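Scroll down for the structure; my scribbles are underneath it.
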Amino acid sequence: MATDILIVDDEADIRGLVAGILEDEGYGARTAKDSDEALAAIESRRPNLIFLDIWLERSRLDGLQLLEAIKRNHPDVPVVMISGHGTIETAVAAIKQGAYDFIEKPFNSDRLILVANRALETLRLKREVRDLKQRAPIAQKLVGRSTVMNQLRQTLDKVAPTNSRILIVGPSGSGKELTARIIHSASSRANGPFIVINAAAITPERMEVELFGTEGTNGEGRHVGALEEAHGGTLFIDEVADMPRETQNRILRVLVDQNFLRVGGTTRVSVDVRIISSTARNLENEIAEGRFREDLYHRLGVVPIRVPPLAERRDDVPGLVDYFLDQISQGTGLPRRRIADDALAVLQSHDWPGNVRQLRNNIERLLILATGDPDAAVTASMLPPDVGSLVPSLPTGSGGEHLMGLPLREAREVFEREYLVAQISRFGGNISRTAEFVGMERSALHRKLKALGIG
Ligand SMILES: Nc1ncnc2c1ncn2[C@@H]1O[C@H](COP(=O)(O)OP(=O)(O)OP(=O)(O)O)[C@@H](O)[C@H]1O
């Protein structure tokens with residue numbers, strides 16, 4: 001994705017020279033000869049970097065005034081001043097006003113490229129820091145060795161380098177956003193921005209402003225929308241089914257026309273953005289109920305990807321637990337605890353309606369609340385009660401009361417039934433693996449299950 005650099009200078013040969021050097025480096029360059037052309041160019045699409053001549057003759061605004069106007073509306077875009085002989089003091093003043101750096105005429109191409117690279121790197125780091133602050137801690141690794149996860153990884157390897165739009169379907173907390181981030185970082189847009197817009201968290205009235213931005217009046221108060229922000233990168237639309245109908249119409253037009261109008265605007269903004277969307281809902285139902293446009297569904301979901309609930313891939317639980325124990329203890333400084341086999345069995349048999357996010361939260365809670373010797377393993381009885389409630393009730397722990405009221409034979413049956421149901425669920429219904437774990441022959445386990453009325 002070509003990085004977009006705007007060169008503003010009244011001298012045609014300087015514009016051409018700077019543009020040529022930058023293009024040879026693989027950057028995209030646009031030029032403007034005065035302040036009005038520059039403002040129009042910025043309005044048509046926000047550039048990643050601007051080179052701006054300090055003097056700017058035959059222009060409504062001079063370089064410093066134009067710098068001020070740019071910084072007012074686009075404080076993040078780095079501006080490098082081009083200064084002539086004897087204008088160093090003005091260049092220093094420009095830096096005080098927010099310019100990133102300056103180059104002096106006549107300049108050599110190495111210095112020009114160095115400054116451009118540095119300015120763009122600073123911009124990238126600023127975005128990355130902002131991103132990390134907003135959503136820390138974000139993992140960039142899909143943990144899990146289950147067959148479905150291996151298949152998912154293979155699909156991601158195939159689709160990531162293409163530019164195709166992707167619709168990720170899966171329940172809340174299953175890892176849809178993480179999947180989208182992995183696709184972005186494995187694509188040719190990896191160095192571009194990854195922008196998230198959550199359609200469920202934005203009121204319908206704000207939706208269009210957040211996506212398309214606003215024009216503002218008299219150049220004041222312009223708001224850059226997520227689509228423009230994502231130029232050269234990826235826009236992740238989370239919970240796309242919650243997008244109001246009106247916005248669905250407009251987003252469809254963007255996908256068809258590859259450009260859009262800001263709210264209240266008349267200039268078309270053209271952007272190069274890969275759209276990845278996600279939903280926890282059944283979009284076919286939403287379409288049947290008339291809440292989601294079918295044509296938009298087909299356009300967004302050129303490649304559909306399903307992230308299964310954690311309950312469908314219990315084999316992933318031990319790896320995820322290990323991974324979160326490391327991640328959380330490193331991030332918080334809490335001692336890393338070991339998890340005893342009985343506790344792991346409980347974690348593996350739990351249904352996790354909140355999926356991986358819920359598992360992670362529980363591991364975090366466990367590390368914060370765990371008592372006793374930090375070197376001792378965490379056992380099933382130390383697990384948070386809502387997770388531990390899946391352990392077959394035992395006379396020794398909480399919840400054992402109902403067993404205590406039964407004769408031994410019946411109590412044993414109740415226990416065996418709950419124990420085996422939990423173990424079978426933990427091994428995803430696989431009888432051979434359950435038999436191996438509980439220490440029975442496969443055929444004997446079958447007979448037992450039949451006798452207990454399971455299955
Ligand atoms: N396979 C995985 N390996 C490591 N971490 C994971 C995995 N899946 C999910 N996570 C972590 O679990 C948390 C929830 O994941 P994520 O936000 O991607 O889910 P989501 O499906 O987008 O949720 P929602 O639908 O609520 O937006 C994040 O902290 C994420 O890093």
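Some points to look at:
- Test item: Cα-centred dipole of the chain, Lys/Arg +1 and Asp/Glu -1 on Cβ, debye: 1460
- Percent antiparallel among DSSP beta bridges (both partners in the chain, rounded to 5): 15
- Based on DSSP H segments of at least four residues, each scored -39500 (n - 2.57), the chain has a per-residue ellipticity at 222 nm of -14500 deg cm²/dmol.
- For the chain, the relative contact order is 12 percent, taking Cα pairs closer than 8 Å that sit 6 or more residues apart in sequence and dividing their mean separation by the residue count.
- In plain terms, the residue of 212, 102, 427 with the fewest other Cβ atoms within 10 Å comes first and the most crowded comes last, giving 427, 102, 212.
- Amide H to amide H distances under 5 Å link residue 339 with 378, where only residues 5 or more positions off or on other chains count and H is placed in the peptide plane.
- Table column - 3J(HN,Hα) (Hz), region 313-319, Karplus curve with 6.51, -1.76, 1.60, x for Gly and Pro: 8, 5, 4, 7, 4, x, x
- Surrounding net charge for residue 145, when Lys and Arg each add one and Asp and Glu each subtract one, Cβ distance under 13 Å: +1
- In this simple spin-label model, placing a label point 7 Å from the Cα along the Cα-to-Cβ direction at both residue 74 and residue 302 gives a separation of 2.7 nm.
- Spherically averaged projected area of the chain from its Cα convex hull (nm²): 28.4
- As a proxy for reagent exposure, ranking 184, 446 by other Cβ atoms within 10 Å from fewest up yields 446, 184.
- The phi torsions of region 331-337, fed into the Karplus equation with coefficients 6.51, -1.76 and 1.60 and a -60° offset, translate into couplings of x, 10, x, 5, x, 7, 9 Hz, rounded to whole numbers, with Gly and Pro shown as x.
- Proximal lysines relative to residue 158, as straight alpha-carbon distance under 27 Å, when same-chain residues fewer than 8 apart are discounted: 141, 176
- Charge dipole magnitude, Cβ of K and R +1, D and E -1 - region 195-350, Cα centre, debye nearest 20: 140
- Placing R0 at 35 angstrom, the Cβ-Cβ distance between residue 57 and residue 191 gives a FRET efficiency of 0.45 after rounding to 0.05.
- Estimated FRET transfer efficiency (residue 326, residue 89; beta-carbon r; R0 56 Å; 0.05): 0.55
- In this rough spin-label picture, where each label sits 7 Å from Cα along the Cβ direction, the residue 154-residue 289 distance is 3.5 nm.
- Here the calculated FRET efficiency for residue 375 and residue 258, from their Cβ-Cβ distance with R0 = 35 Å, stands at 0.05, rounded to the nearest 0.05.
- Loop trypsin sites (Lys or Arg not before Pro), region 1-91, which have at most 11 other Cβ atoms in a 10 Å radius of their Cβ (DSSP): 58, 60
Any read-out appearing in this document is the output of simple, stated calculations on the displayed coordinates, not a laboratory observation. Predicted model only: the values in this text are computed from it and were never measured. For neighbour counting, all protein chains shown are included, and Cβ atoms are generated from backbone atoms with ideal geometry for every residue, glycine included.
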